[in-house]
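> Encoded as structure tokens, here's the structure I'll be asking about.
The values are calculated or read from the model by the stated rules, or taken from the named source; none is laboratory data. No experiment lies behind these values; they were computed from the predicted model shown. Here the Cβ positions follow ideal geometry from the backbone for every residue, glycine too, while neighbour counts run over all protein chains shown. Note: areas computed on protein heavy atoms with side chains; ligands, DNA, RNA excluded. Shrake-Rupley method; radii C 1.70, N 1.55, O 1.52, S 1.80 Å.
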Amino acid sequence: ASGRAQTLSAALATAIGQKKIGAVIASGDFTFLGSEGEFAEARVSLNRLLGLLDLSPDHLMIVPGNHDIQWTTDDTYSEGAAVSAASPAARRNYERFYEQMFQHSPSEHLGMGRRWLLPSGLMIDIAALNSSSLQTGRNFLAGMGRIDEASFQDVRSKLGWQSSQDGNPSSTLALRLLVIHHHLTVT
């Protein structure tokens, strides 16, 4: 009872108790402004959680949220700031964060796919897609829940979800899960 607030990692570990956890999937907003310092704190927190759960980064999947991309170069948040297409530099801090977590570069579209075989024999395919697209268009704004089609195609290809030669989708007994940051309703 030191009066100190419990970290999210410690609270999760306490809530889980003795249950065995096989993977951690985090769908973004690791930061508020996408700063290097915020990502450093997020990395420490995720590594602590993995340690508390006796897991390695091989048991972690992440995908960025809209706050993890620097849509503005302002040092403070402004609710009325105009939203515009972000430059490639906008994702640099997230890319460094990813590289430090996994020891390799993220995919071009910042998505990832993983396949796990459970002790029961069930195979799980997880596609984590970046829904903070760095684009603007006539009917959408950058970072507002749009998934670039190439992002899905990239993960789909890596997981072997290609269509067969007859044009039908490939079949598998794997449970397929989709992870995104944004909601799926039209706004």
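> Out of (1) touching a strand residue (DSSP E or B) at 6+ places or on another chain (Cβ under 8 Å); (2) farther than 22 Å from T31 by Cα; (3) at pLDDT 75 or above, what's the single condition that is false for S163?
(3)
To keep it simple, each residue is scored yes or no on (1) crowded, with 19+ Cβ neighbours inside 10 Å; (2) at pLDDT 95 or above; (3) among the aliphatic types (A, V, I, L, M).
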residue	(1), (2), (3)
M61	yes, yes, yes
D68	yes, no, no
T76	no, no, no
E79	no, no, no
A85	no, no, yes
R91	yes, no, no
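> Name the residue that is modelled with the lowest pLDDT, counting only residues in region 5-20 that are open to solvent by 60 Å² or more (accessible area, probe 1.4 Å) and part of a helix (DSSP H, G or I).
L8
> Give the residues of region 28-57 that are buried (at least 17 other Cβ atoms within 10 Å of the Cβ) and under 20 Å from A90 (Cβ atoms), sorted by residue number.
G28, F30, T31, G34, E38, F39, A42
> Can you give me the number of residues within region 103-119 that are open to solvent by 100 Å² or more (accessible area, probe 1.4 Å) and in contact with a strand residue (DSSP E or B) (Cβ under 8 Å, 6 or more places away or on another chain)?
First, pick out the residues of region 103-119 that are open to solvent by 100 Å² or more (accessible area, probe 1.4 Å): 103, 108, 115, 117, 119.
Subsequent filtering for residues that are in contact with a strand residue (DSSP E or B) (Cβ under 8 Å, 6 or more places away or on another chain) retains 115, 117.
The number of residues fulfilling the criteria is 2.
> OK, next. It is to be established whether one or more residues within region 131-144 are on the phi < 0 side of the Ramachandran plot, at pLDDT 80 or above and not in a loop (DSSP other than H, G, I, E, B). Steps first, please.
So in region 131-144, the residues on the phi < 0 side of the Ramachandran plot come out as 131-142, 144.
Then keep just the ones that are at pLDDT 80 or above; that gives 131-132.
Right, trim to not in a loop (DSSP other than H, G, I, E, B) and you get 132.
Yes, there is a match, as at least one residue in region 131-144 is on the phi < 0 side of the Ramachandran plot, at pLDDT 80 or above and not in a loop (DSSP other than H, G, I, E, B).
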